[in-house]
1. Can Asp85 be described as closer than 30 Å to Lys172 by Cβ and within 17 Å of the chain's Cα centre (by Cα)?
2. Residues in the stretch 149-178 that are touching a residue at least 24 places away in the same chain (Cβ under 8 Å) and outside any strand (DSSP E or B): how many?
3. Considering every residue within the stretch 57-70, establish whether at least one is without any contact (Cβ under 8 Å) to a residue 60 or more places away in the chain, buried (at least 19 other Cβ atoms within 10 Å of the Cβ) and touching a Ser or Thr at 6+ places or on another chain (Cβ under 8 Å).
4. What number of residues in the stretch 8-29 are in a helix (DSSP H, G or I) and surrounded by fewer than 15 Cβ atoms within 10 Å (Cβ to Cβ)?
5. Of the conditions (1) under 23 Å from Cys103 (Cβ atoms); (2) buried (at least 18 other Cβ atoms within 10 Å of the Cβ); (3) aliphatic (A, V, I, L, M), Leu162 satisfies every one except a single condition; which number is it?
6. Hey, among Ile32, Ile5, which residue is under 23 Å from Ser82 (Cα atoms), more than 19 Å from the chain's Cα centre (by Cα) and surrounded by 13 or more Cβ atoms within 10 Å (Cβ to Cβ)?
7. Applying the selection to the stretch 149-182, what residues are closer than 28 Å to Asp4 by Cβ and at pLDDT below 90?
8. Taking the stated definitions as given, is Gly56 touching a Lys or Arg at 6+ places or on another chain (Cβ under 8 Å) and either in a loop (DSSP other than H, G, I, E, B) or modelled with pLDDT of 90 or more (or both)?
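The values are calculated or read from the model by the stated rules, or taken from the named source; none is laboratory data. Please read these numbers as outputs of a predicted model, since none were measured by experiment. Here the Cβ positions follow ideal geometry from the backbone for every residue, glycine too, while neighbour counts run over all protein chains shown.
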Amino acid sequence: KEFDIVKFSLDAIDLKAFERVDKPYSKDINKILEGILRFSQIYQGQLVAEVLLIKGVNDSANNLKLIAAFLKQINTARVDLSTIDRPSSFKAPKLSEDELLKCSLFFEGLCVSLPKRSIAQAKKLVSCGIDELLALISRRPLSAEEAPLILEPSAFKHLETLLNHKRITIKKVGSLEFYCAF
């Protein structure tokens, strides 16, 4: 094994969105997916998928479902989900943090890393009981970085209880840690 982590980009599977976002030399998305799949079968390290979402271009439910289904097939260690943060070659509106968070829910069961937020940016803190938090983490592992920014203090304390009772674990993916359900 020469590399511990390999990161690849997969912004769209829907052909129209793929052509608009990636402007590919080859428009055969199936060949690209087949190559990623074959590589994933021989690669022994961690695969990280980078998904860049553009509002109204590749953030449709259909495209997100296709990407998530494919990433689950190849045992992706982490999904770095982001939106536009610098000027692009075409008018590319960015998603709000709330929209990006909603998009992340399509990646149920995968470790999803969202762009860093500050406490000032986190407008709505999640308040939930211990069972609700466990259900949330079962659907979408929660990054250790993100947890204190989106969970109310009482919900954040539930993480320690869940860890102590071995209902969740901490999984390290590259330099990031995620709370994951067993």
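1. Working: closer than 30 Å to Lys172 by Cβ: yes; within 17 Å of the chain's Cα centre (by Cα): yes.
Yes: the conditions hold for Asp85.
2. Adding up the residues that qualify gives 11.
3. Checked the stretch 57-70: no residue is without any contact (Cβ under 8 Å) to a residue 60 or more places away in the chain, buried (at least 19 other Cβ atoms within 10 Å of the Cβ) and touching a Ser or Thr at 6+ places or on another chain (Cβ under 8 Å).
4. First, the residues of the stretch 8-29 that are in a helix (DSSP H, G or I): 15-22, 29.
From what's left, surrounded by fewer than 15 Cβ atoms within 10 Å (Cβ to Cβ): 15-16, 19.
Summing the residues that are in a helix (DSSP H, G or I) and surrounded by fewer than 15 Cβ atoms within 10 Å (Cβ to Cβ) in the stretch 8-29 gives 3.
5. So Leu162 meets the others, but not (1).
6. Result of the check over Ile32, Ile5: Ile32.
7. Once the filter is applied, which keeps residues that are closer than 28 Å to Asp4 by Cβ and at pLDDT below 90, the stretch 149-182 yields Leu149, Lys172, Val173, Gly174, Ser175, Leu176, Phe182.
8. Working: touching a Lys or Arg at 6+ places or on another chain (Cβ under 8 Å): no; either in a loop (DSSP other than H, G, I, E, B) or modelled with pLDDT of 90 or more (or both): yes.
No; evaluated as a whole, the condition is false for this residue.
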